[in-house]
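Asker: One structure, pasted below without further comment.
The values are calculated or read from the model by the stated rules, or taken from the named source; none is laboratory data. Being a predicted model, the structure only gives us computed values, none of them experimental. Cβ placement follows ideal geometry from the backbone for every residue including glycine, while neighbour counts extend to all protein chains displayed. For the accessible areas, the whole protein counts, side chains as well, though only heavy atoms, and no ligand, DNA or RNA atoms are used. Shrake-Rupley method; radii C 1.70, N 1.55, O 1.52, S 1.80 Å.
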Amino acid sequence: MRIVVIGHGMVGSRFAQDAASRIPDAHVTVLGREPHAPYNRVLLSSVVAGKAAADGIALDAPAHERIDVLQGVAAAAIDRERRIVTASDGSLHRYDKLVLATGSAARIPQIQHVATPDGLVAGVSVLKDLDDAQGILDALPKARRAVVLGAGVLGLEVATGLAARGIAVTLVHHAERLMERQLGSAASAVAAGSLGRLGITVITTTSVTRVLERRGRVSGVVLGTGAEVLTDMLVMCAGTIPETTLARRAGLPCERGVLVGEDLASPEDPHVCAIGDCAQPPEGGSGLVAQGWDQSTRLVDLWAGARTARPRTEDADTTNVVRVKATGLEVVTMGLSGKFEHGERELRAVRISDPAVGRFVEVVVSHGLLVGATVVGDKTTATELQALYTRMLPVPADPAHLIVRPIPGAAATRRSVADMDDDDTVCQCNGVSKGRICAAIADGCASPEDVSRATRASTGCGDCKPQVKELLEAHAASEDKAPVLTGAGEA
Ligand SMILES: Cc1cc2nc3c(=O)[nH]c(=O)nc-3n(C[C@H](O)[C@H](O)[C@H](O)COP(=O)(O)OP(=O)(O)OC[C@H]3O[C@@H](n4cnc5c(N)ncnc54)[C@H](O)[C@@H]3O)c2cc1C
């Protein structure tokens, strides 16, 4: 089976490795436009914030005798009739199966003078790939001020990251509320107050309409209100658009993304599949890596011999959790966060709001289960609520008990991974259960890196690293306590 994969990002690179390892007759060719080996894109905002090094976020590159990777070579055209992909270097690649894993592109809002025919004005950038991150890092030594456009998850991560580096940041957001898809007004106001304490100026309900430049570099921006903000950098975090250019040109049906069925194949052509951010499956694309990795595994399962595709991982309770990786600002939302007033279900909601210290917690309970929560500025509570939410544990009859602590004996105090069941998920990005991690540790994995290599846990956003460490420590402690058997005991 000749498989051609277009895109060498987080999903394409994993698919190539798994396909070559698990499908005995597969020969895989990967075309990757970026000149780099695959890396963890999720951590790019951590690179900008100085929490991770640009050369420290590499992912394991596919390595197998039946994989050819063409790095820095883009796919230019797909001839579906002859089943051939033409690459930017002129090479031709015949396929039996074609996998589109082209990811998504950063959305560039309509802004006057944002670009020249050669590209974005110097000092203006998005944050989508390693080159963007490197460009921002290169500009930092001479920058004192930055404007970040967009206060979604990425905008908050970039704004706080730049502020942590001593840059005076102005965060401009089109909507009235920050993260308006996740936060209600009160939570947004508390988050905005916390950003203010980090030295970030927040301007909402307007956008950037024009870029001002001096000697070929950005020197300021004009807002919709007519106000001018002087700046040395503009970072646009205005969302992403699935990369469908090639697919459209090849006549494949696309809406927001490349349309695929439950089997991840195009309804128009069974030889072409799409996975990751570029795909639009029946349940919709989440733009999160867990969904793409799940699709990759399902496609390999299918081609490796399983008669039907494994059902997709039920994502309602996991990819529905949004955790902002911001420096100095904790924001976590899950389920019916910020939107429960419009819900039709029987809901009880309780909140505490303490803007003076930047804390806001709201829980939404229905039929004895936590169905939504918003947490700003309280990491411990966020972790506990996330566990209750994703594991669908019963909650106390009075929802107030979920946010007022300590509550000895109540479910909300179950904060340790030791309390989790073996089939509970520890790594949400990769869908790795506690049982699999414990089995890997029992099989000899002695460090977090060993566990990652054996199970892939912690290779996504890295949120589960503390839990993996806790399981390793618990295992080591139990080994220490185990009686040493000698002599007759050994026999
Ligand atoms: C800064 C940032 C932070 C993020 N944070 C999170 C997070 O906290 N949690 C989370 O779950 N997700 C997060 N994401 C999203 C996550 O990175 C994506 O879901 C994931 O990368 C999707 O993988 P993919 O392989 O589909 O696309 P990508 O990783 O984007 O890879 C697509 C690759 O295809 C290449 N390509 C495109 N067209 C062609 C062509 N014609 N020929 C050859 N190659 C081509 C691109 O250059 C790219 O290398 C974040 C993304 C960014 C940018």
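Asker: Restricting to region 108-130, and then to whatever is within 23 Å of the chain's Cα centre (by Cα) and open to solvent by 30 Å² or more (accessible area, probe 1.4 Å), can you tell me which residue is nearest to the ligand (Cβ to nearest atom)?
Answerer: Within region 108-130, the match that is nearest to the ligand (Cβ to nearest atom) is Lys128.
Listed here are the residues, each with its yes/no results for (1) outside the structural domain of Gly287 (by TED's automatic domain parsing); (2) under 21 Å from Asp18 (Cα atoms); (3) over 23 Å from the mean Cα position of the chain (by Cα).
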site: Cys438; (1), (2), (3): yes, no, yes
site: Ile441; (1), (2), (3): yes, no, yes
site: Gly444; (1), (2), (3): yes, no, yes
site: Val451; (1), (2), (3): yes, yes, no
site: Arg456; (1), (2), (3): yes, yes, no
site: Thr459; (1), (2), (3): yes, yes, no
site: Cys464; (1), (2), (3): yes, no, no
site: Gln467; (1), (2), (3): yes, no, no
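Asker: So how many residues does region 8-40 have that are within 13 Å of the ligand (Cβ to nearest atom) and among the charged types (D, E, K, R)?
Answerer: The number of residues fulfilling the criteria is 3.
Asker: When you scan region 391-491 for helices (runs of 4 or more DSSP H) that lie fully inside it, which ones turn up with 2 or more residues that are at pLDDT below 85 and either under 30 Å from Ile57 (Cβ atoms) or not polar (S, T, N, Q) (or both)? Write out each step before concluding.
Answerer: Values: elements: 434-442, 448-455, 465-481.
Correct list: 465-481.
Asker: Under the condition of being away from the ligand (no atom under 11 Å from the Cβ) and either open to solvent by 50 Å² or more (accessible area, probe 1.4 Å) or farther than 25 Å from Leu162 by Cα (or both), which residue from region 238-249 is nearest to the chain's Cα centre (by Cα)?
Answerer: Among those that are away from the ligand (no atom under 11 Å from the Cβ) and either open to solvent by 50 Å² or more (accessible area, probe 1.4 Å) or farther than 25 Å from Leu162 by Cα (or both), it is Ile241.
Asker: Does region 59-67 contain any residue that is surrounded by fewer than 15 Cβ atoms within 10 Å (Cβ to Cβ) and assigned to a strand (DSSP E or B)?
Answerer: Here is the first cut: in region 59-67, the residues surrounded by fewer than 15 Cβ atoms within 10 Å (Cβ to Cβ) are 60, 63, 65.
Filter again for assigned to a strand (DSSP E or B), leaving none.
No.
Asker: Hey, another quick one. Give me a count of the residues in region 259-294 that are more than 11 Å from the ligand (Cβ to nearest atom) and either outside the structural domain of His8 (by TED's automatic domain parsing) or not in a helix (DSSP H, G or I) (or both).
Answerer: Number satisfying all stated conditions: 20.
Asker: Another question, then. Considering (1) within 27 Å of His174 (Cβ to Cβ); (2) open to solvent by less than 30 Å² (accessible area, probe 1.4 Å); (3) in a loop (DSSP other than H, G, I, E, B), say which one Ala133 fails and leave the rest.
Answerer: (3)
Asker: I would also like to ask the following. Can you name the residue in region 324-348 that is closer than 20 Å to Met179 by Cα and surrounded by fewer than 19 Cβ atoms within 10 Å (Cβ to Cβ) and is also modelled with the highest pLDDT among such residues?
Answerer: Just the residues of region 324-348 that are closer than 20 Å to Met179 by Cα, to begin with: 324-343.
Next cut, surrounded by fewer than 19 Cβ atoms within 10 Å (Cβ to Cβ) only: 328, 339, 341-343.
Numbers: Gly328: 87, Lys339: 67, Glu341: 59, His342: 51, Gly343: 53.
So, considering only residues that are closer than 20 Å to Met179 by Cα and surrounded by fewer than 19 Cβ atoms within 10 Å (Cβ to Cβ), the one modelled with the highest pLDDT is Gly328.
Asker: Hey, among Val235, Val211, Val221, which residue is buried (at least 24 other Cβ atoms within 10 Å of the Cβ), part of a strand (DSSP E or B) and more than 16 Å from the ligand (Cβ to nearest atom)?
Answerer: Val221
Asker: Do you know which of the residues in region 81-107 that are assigned to a loop (DSSP other than H, G, I, E, B) and either open to solvent by less than 30 Å² (accessible area, probe 1.4 Å) or closer than 16 Å to Val5 by Cβ (or both) is farthest from the ligand (Cβ to nearest atom)?
Answerer: Filtering region 81-107 for residues that are assigned to a loop (DSSP other than H, G, I, E, B) and either open to solvent by less than 30 Å² (accessible area, probe 1.4 Å) or closer than 16 Å to Val5 by Cβ (or both), the one farthest from the ligand (Cβ to nearest atom) comes out as Asp96.
Asker: Right, Trp303: open to solvent by less than 40 Å² (accessible area, probe 1.4 Å), over 23 Å from the mean Cα position of the chain (by Cα) and in contact (Cβ under 8 Å) with a residue 40 or more places away in the chain or not?
Answerer: It is true that Trp303 is open to solvent by less than 40 Å² (accessible area, probe 1.4 Å), over 23 Å from the mean Cα position of the chain (by Cα) and in contact (Cβ under 8 Å) with a residue 40 or more places away in the chain.
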